[in-house]
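Below is one structure; the comments refer to it alone.
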Amino acid sequence: MSTRHDLWLGLHQLRLAGELAEIRAADLRFTRAETRELLEASGVTLSETGTALLHQRTEGWAAGLRLAALSLVGHPDPERFVAEFSGTDRTVADYLIAEMLERQPAEVQDLLLRTSLLDQVNGELADVLTGRPGSERILLELEDANAFVVSLDPGRTWFRFHQLFGDLLRLELRRTLPEDMPALHRRAAAWFTRHGQVIDAIRHTQAAADWPEAARLLADHAFSLTLDGQARTVEVLVRAFPLGAAADPELALVRAGSDLVQGHLDEAAAHLAVAAAHAETTPHDRRRCLEMAIASLRLWLAQ
């Protein structure tokens, strides 16, 4: 029998008796060696690095590899094709839309699209983004059906999408619900903030283009993140801000702290001067904390 769902045929009894042979999705995934064989059989010449990247992007999904191989035949720059290969590739997108997305009920399609902006999702967070209860049941059913949804923990509480399927869903989200995306990012940021996942909260706040709030969050947690060994992450988050946010005193403070950690004293002094010059633009309830932080960093700089 071949089926996407387990059948109610007393399989547990057959399994216990050793009378059941099962071939699951994990067994059907191509290995890197099988990926190489498929490419060679299709007449495609690809480096070991390119082959590994293609295997990683497709996660061994046989149909995805076959579609990629068809596109690679005769391609003038196969290495570049693989580097840019994603679920938005027309052949892959057409397949995923027809075989996966359009076969789902409207409620499931809506959940898939709205949660695609997350790296990983659980039922509670999905409920927040969809505005409806029952998301965990849907995610579990999708995983049971091998519908490109993968559980990340033994308790099956956190899930992610197959990389190519996630690419397609994000494209469809931008195409069909562009006006909803800022609000979805803000909801996700609020959920991550409540659950102490600060880095994800900042990233989603930035994605919503709420730069003052993102600067406030980063300023509140930059010191603790640095102490936790995530100074590099703080740098990446700072670089994600637009040039127009340079005068934000809280962001300038974060930049000063990052410069001090790296020993860039002149840059730190310049950013501290910006923070001090614009401190009066900070809301009254945060101004005192900002002034104390500026004084602390000035002492650090002087030392």
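Bear in mind these aren't lab numbers, they're just calculated from the coordinates by the rules spelled out. Since the structure is predicted, the reported quantities are computational estimates derived from the model, not experimental observations. Cβ atoms come from the backbone with ideal geometry, glycine included; neighbour counts cover every protein chain shown.
Observations
- Semi-axes of the equivalent ellipsoid of the range 70-121 are 28, 15, 5 Å, computed as sqrt(5λ) over the eigenvalues of the C-alpha gyration tensor in descending order.
- Full-stretch length increase - residue 80, residue 236 - with 0.36 nm per residue and alpha-carbon distance subtracted: 53.6 nm
- Computed extension length for residue 280-residue 143: 44.1 nm, one decimal, from 0.36 nm per residue of separation with the Cα-Cα distance subtracted.
- The range 69-216, Cα convex hull volume normalised per residue, Å³: 140 Å³
- Prolate/oblate/rounded call for the range 146-214, Cα gyration tensor, a/c under 1.5 rounded: oblate
- Packing-based order for 91-103, 108-120, using average beta carbon neighbours within 10 Å, highest first: 108-120, 91-103
- Packing-based ranking, highest mean first, of 222-234, 267-279 given that Cβ atoms within 10 Å are counted: 267-279, 222-234
- Column: log10 I(q)/I(0), Debye, Cα scatterers of the chain, q = 0.09, 0.14 Å⁻¹: -0.63, -1.09
- Convex hull volume of the C-alpha atoms in the range 1-41, normalised per residue: 104 Å³.
- By average C-beta atoms within 10 angstrom, highest first, the peptides 121-131, 160-170, 24-34: 160-170, 121-131, 24-34
- Separation of alpha-carbon centers, the range 66-141 and the range 170-227, rounded to whole Å: 22 Å
- Debye-sum result for the range 160-257 in log10 I(q)/I(0), which assumes one identical scatterer on each alpha carbon, at q = 0.19, 0.20 Å⁻¹: -0.94, -1.01
- Percent of Cα-Cα distances greater than 16 Å, calculated over the range 13-73: 46 percent
- Here, P(r) means the percent of Cα pairs in each 5 Å bin from 0 to the largest distance; for the range 1-118 it is 2, 10, 16, 17, 15, 13, 12, 9, 4, 2, 0.
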